[in-house]
Amino acid sequence: MATKAQNKEYAKQVIEKLCSDDFAGRGYVNEGDKKASRFIAEIFRKNRLGSPTVDYYQTFGFPVVTFPGETFLNIDGVGLEAGREFIVNAGCPTIKGKFNVIYIDSATIDNSFAFETFTKKSLRKFFIVVTDIKGKTFLHPERAESILSNTIGAKGLIFNNQEKFTWSVSLQKEKFPIIYIQKNAIKHHMVELDINIESILINHQTQNVLGIVKGKLYPDSFVVITAHYDHLGKFGEAIFPGANDNASGIAMMLDLVGNIAKTPLDYSVMFIAFAGEEAGLLGSYYYTQNPSIALNKMALLLNLDLMATGDKGMTSVNATEFPDEFKLLRYINEQGNYLPNINSRGKAANSDHYYFTEAGVKSFFFYLMGNYSFYHDIDDKASAVTLSKYNESYQLIYDFINAYIKQSIENSIPNKK
Ligand SMILES: [Zn+2]
């Protein structure tokens with residue numbers, strides 16, 4: 001149907017660039033997300049995209065907890081590596097000093113005398129290891145809850161035995177620190193920890209990046225391609241590169257930018273690289289509240305997030321909301337023999353398509369599936385991603401956009417200027 005112009009090598013280079021140390025995990029320290037937005041805007045400029053705003057930027061801000069300084073943890077003389085052997089809750093307050101470690105187990109929760117003895121200790125000097133009670137059922141669940149929500153007033157909580165870490169972003173400081181320890185990091189019964197975590201709540205200014213390739217026939221009808229460029233940033237020296245999440249989606253978007261800028265489509269195509277997705281879909285929400293191109297001009301929106309695999313096919317969120325378009329997507333996939341399968345999923349508030357769907361925009365969120373286990377951790381890095389079905393998924397999406405436009409023109413009267 002269309003020219004084959006997908007470029008896996010280019011995508012790989014973009015991912016390497018966005019995941020390099022210089023971009024600091026595209027978060028909130030070392031201007032990480034700003035550098036990424038500049039990199040994207042520069043590519044929009046080189047491809048002579050139209051800017052619906054000033055210099056492609058749509059700026060906004062939000063509060064966020066950052067860890068630019070020391071992240072030191074030593075347990076009984078064993079120093080732990082930040083990000084690999086331990087992590088703290090994303091809203092962890094600043095904490096410094098030496099504290100005793102105490103364990104609580106299931107038996108203590110359900111034994112009234114033992115529980116009373118435990119809670120009589122002056123717990124504000126202690127970190128409590130709660131691994132043994134999380135997720136269990138008790139005769140007195142309220143006791144377990146008082147420990148896990150720390151209403152008993154301990155210094156902090158510890159989960160050891162963590163298989164893997166899944167970090168996040170917090171817009172506010174939490175009341176107490178929670179330390180997550182990798183299961184092989186400490187094998188002995190812990191007694192004392194020495195900790196120094198500096199967390200700072202900042203008012204972060206950031207920006208969405210928007211660009212337009214004008215349509216040949218119907219410039220006032222838009223297909224919108226979106227992807228978030230932000231990730232989790234840094235925890236001390238530990239960088240969260242976010243290769244699959246979502247340098248991969250940005251790479252495919254920028255590949256589409258180059259291709260569509262060279263050969264414009266019948267509809268206008270708007271590209272939006274969102275900031276603040278990991279902080280709670282903040283960039284896409286901001287856009288829907290402050291649209292520079294009206295939402296009712298958006299004929300179709302495709303959000304790309306987690307696009308580095310594909311061996312197990314693709315999932316389409318909102319497939320059940322827009323069955324006709326989903327049927328077309330599957331038809332294109334079968335015709336081109338691109339991906340092994342396309343899973344249908346209903347509505348989900350799990351990426352930047354969400355607020356557009358809620359505002360009445362016909363939108364899909366596409367993510368690829370495959371053997372890739374890194375998510376919101378320091379191993380989701382450029383060297384780990386294979387882009388095994390990159391060309392196929394690119395071509396599927398490109399063909400789908402064209403087929404959708406063709407069908408819409410045949411079936412209806414678009415907004416002609
Ligand atoms: Zn993501």
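Key figures for this structure:
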{"read-out": "Extension gain from K164 to N341, taking 0.36 nm per residue of separation minus the Cα-Cα distance", "value": "60.8 nm"}
{"read-out": "At most 10 other Cβ within 10 Å, DSSP loop - chymotrypsin sites (Phe, Trp or Tyr not before Pro), segment 174-259", "value": "none"}
{"read-out": "For the chain: relative contact order, % (alpha-carbon pairs under 8 angstrom, 6 or more apart)", "value": "22"}
{"read-out": "Set of lysines near K125 by C-alpha distance (under 19 Å), chain-local residues within fewer than 8 positions excluded", "value": "K96, K98, K155, K175"}
{"read-out": "The chain - convex hull of alpha carbons, volume per residue in Å³", "value": "143"}
{"read-out": "GluC sites (Glu not before Pro) within segment 106-197: DSSP coil, no more than 11 neighbouring Cβ in 10 Å", "value": "E163"}
{"read-out": "Within straight-line cross-link reach of K187, lysines at Cα separation under 18 Å, skipping those fewer than 8 residues along the same chain", "value": "K164"}
{"read-out": "Exceeding the 21 Å Cα-Cα cut-off - candidates K262/K389; K297/K406; K327/K362; K8/K34; K35/K362", "value": "K262/K389; K8/K34; K35/K362"}
{"read-out": "Structure-based [θ]222 nm, the chain - -39500 (n - 2.57) summed over DSSP H runs of at least 4, per residue, nearest 500", "value": "-8000 deg cm²/dmol"}
{"read-out": "Accessible area per residue, Å², the chain with all protein chains present, probe 1.4 Å", "value": "42"}
{"read-out": "Relative contact order for segment 1-100, counting Cα pairs under 8 Å that sit 6 or more residues apart, in percent", "value": "13"}
{"read-out": "Distance between modelled label sites at V191 and E31, nm, 7 Å Cα→Cβ extension", "value": "4.9"}
{"read-out": "Cα-projected label distance for T263 with E321, points at 7 Å along beta-carbon direction, nm", "value": "3.1"}
{"read-out": "Nearest-20 debye value, segment 126-228 charge dipole, Cβ charges on Lys, Arg, Asp, Glu", "value": "280"}
{"read-out": "Segment K125-A107, length gained on full extension (0.36 nm per residue, minus Cα span)", "value": "4.2 nm"}
{"read-out": "Cα-centred dipole magnitude for the chain, charges only on beta-carbon of K, R (+1) and D, E (-1), debye, nearest 20", "value": "640"}
{"read-out": "Residues listed by number, segment 247-271, amide nitrogen under 11 Å from K216 label point at 7 Å toward C-beta", "value": "263-267"}
{"read-out": "Extension gain, A384 back to K134 (0.36 nm per residue minus Cα-Cα distance, nm)", "value": "86.8 nm"}
{"read-out": "Computed magnitude of the charge dipole of segment 169-220 (debye, nearest 20; Cβ of K, R +1, Cβ of D, E -1)", "value": "320"}
{"read-out": "Global form of segment 3-86, assessed from the alpha-carbon gyration tensor, a/c cut-off 1.5", "value": "oblate"}
{"read-out": "Positive-end extreme of charge dipole, segment 217-353 - chosen from P219, A279, G336 (charges on Cβ)", "value": "G336"}
{"read-out": "Length-normalised contact order for segment 197-263 - Cα pairs under 8 Å, 6+ apart - percent", "value": "26"}
{"read-out": "Calculated FRET efficiency for the pair D55/T94, C-beta based, R₀ 25 Å, to 0.05", "value": "0.10"}
{"read-out": "Share of carbon and sulfur in the accessible heavy-atom surface of the chain [1.4 Å probe, %]", "value": "48"}
{"read-out": "Kirkwood Rh and Cα Rg combined as Rg/Rh, segment 71-197", "value": "0.95"}
{"read-out": "Spin-label zone in segment 191-210 - amide nitrogen under 11 Å from a point set 7 Å from the Cα of E70 along the C-beta vector", "value": "195-198"}
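The values are calculated or read from the model by the stated rules, or taken from the named source; none is laboratory data. The structure displayed is predicted, hence computed values, not measured ones. When we count neighbours, we look across all protein chains shown, and the Cβ atoms used for this are built from the backbone with ideal geometry, even at glycine. Side chains are part of the model used for accessible areas, which takes the heavy atoms of the whole protein and leaves out ligands, DNA and RNA. Shrake-Rupley method; radii C 1.70, N 1.55, O 1.52, S 1.80 Å.
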